[in-house]
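See structure below.
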Amino acid sequence: MRGQKRLLSLCALVWVGCNKQPAPAAKAPELAPAKAAEAPVEVAPVATPTEAPAAASPTEAPAASALHVSVDMRTGAKMTPGLPTVGEAASFRVTLRGPDGQFLSNLDPLLGGKMLAVVARADLGWSTVLRTDELSDKARGTHDFRMVFPFSGIHRMWFLYSYEGKIRSEELSFSIMGKPWVGKELPESEVSWKDDKGLAGRLIAEPAVPTTCQPFLVATAWTRNGKPVRMTGAPDASTTWYVAIEGSLGEIVTSSAEPQPTPLAGAGTESTAVKMGGDLGTVAVLNVTRPGRYRVLAVATPPGASAGQRGASVVASFVVSVQGALHEGGCNK
């Protein structure tokens, strides 16, 4: 799965893009601010700021696979529509509807919850993953995310969910108001991560220098205070899940939802796990279409925490460089 970059202006600073699998999302009119008492408005892409004002006819997705998504963004103490500000609470309410217009409440489980929100600053200097475990409103099929942004500037948010066996995503780009930040280039490689509680992770990619449209393995060795740790997961299922975000925010790729990745030529899963000093459950397959530097987020649940417990997941952040040609049309099957 990968996200496709599409933009939509909101207060001259917000864009939204939708990536449906297997078919592209239908386009809809530009998002307009909603009053507090109104229902969330439907969002969909229009022309990017570098293009002429939208005049082309939208591409309609087949009715059988079309899902309708709305995102209601609110901010501040009174949770009014508008752009978030550094240090203030922000709320994102996501509503999903099926092709028949009915609210969707039967999403497949995804990483112990129902929906994930991946958030990244434009320079990928900061990123995080949020999770909703249950519907906030079962009658309307809504999922709520709340957070406080620590940095200003352009951010992108991907809402990931699994439906009918496929992981899908919705994109939302917006500006966080506040003191300007100075971006910095991603390093070529960053394979070590640790938090302030003694938990650490070390990433390896095999092959060491991945190539576009050539699936490669990633694995993580988790430790706590220097001792190996096996993360929590369902029996025979992966214990670590990965999200790779390309440096220009042009692509987002997730690891396979299958319990075990398919061994690759010259790179068996067992050998990768042994090299990592970790367990087989941390091994996964990634496949990207754009060369460059990727922020790779490894998401897992430490022992002692329930996989469905709110706030239980940890997110280790790494950087992997990928070589090769750009494949705008996607990788050949």
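Rule-based calculations on the coordinates, nothing more; no lab input. Given the structure is predicted, the values throughout are model-derived calculations rather than measurements. Here the Cβ is made from the backbone with ideal geometry for all residues, glycine too, and neighbour counts use every protein chain on show.
The GluC sites (Glu not before Pro) of region 131-180 that DSSP puts in a loop, and whose beta carbon has at most 15 other beta carbons within 10 Å, are Glu134, Glu164. List the pairs from Lys78/Lys114; Lys194/Lys227; Lys114/Lys166; Lys227/Lys275 whose alpha-carbon separation is above 19 Å, in the order I gave them. Result: Lys78/Lys114 exceed 19 Å. Estimated at 0.36 nm per residue, the fully extended path between Asp137 and Lys197 surpasses their Cα-Cα distance by 18.2 nm.
Of the peptides 100-106, 233-239, 217-223, the order by per-residue mean of other Cβ atoms within 10 Å, starting with the highest, comes out as 217-223, 233-239, 100-106.
Applying both filters, DSSP loop and at most 10 other Cβ atoms within 10 Å, to the trypsin sites (Lys or Arg not before Pro) of region 89-183 gives Lys138. Compared with the alpha-carbon gap, the fully stretched path from Lys166 to Asp144 is longer by 5.8 nm at 0.36 nm per residue.
Modelled spin labels at Lys179 and Ala305, positioned 7 Å past Cα toward Cβ, are 2.9 nm from each other.
The calculated FRET efficiency for the pair Thr223 and Asn332, based on their C-beta separation and a Förster distance of 56 Å, comes to about 0.90. Using the Cα gyration tensor of region 74-138, with a ≥ b ≥ c the square roots of its eigenvalues, what is the shape: rounded (a/c below 1.5), prolate (a/b larger than b/c) or oblate (neither)? Oblate, because a/c is 1.5 or more while a/b does not exceed b/c.
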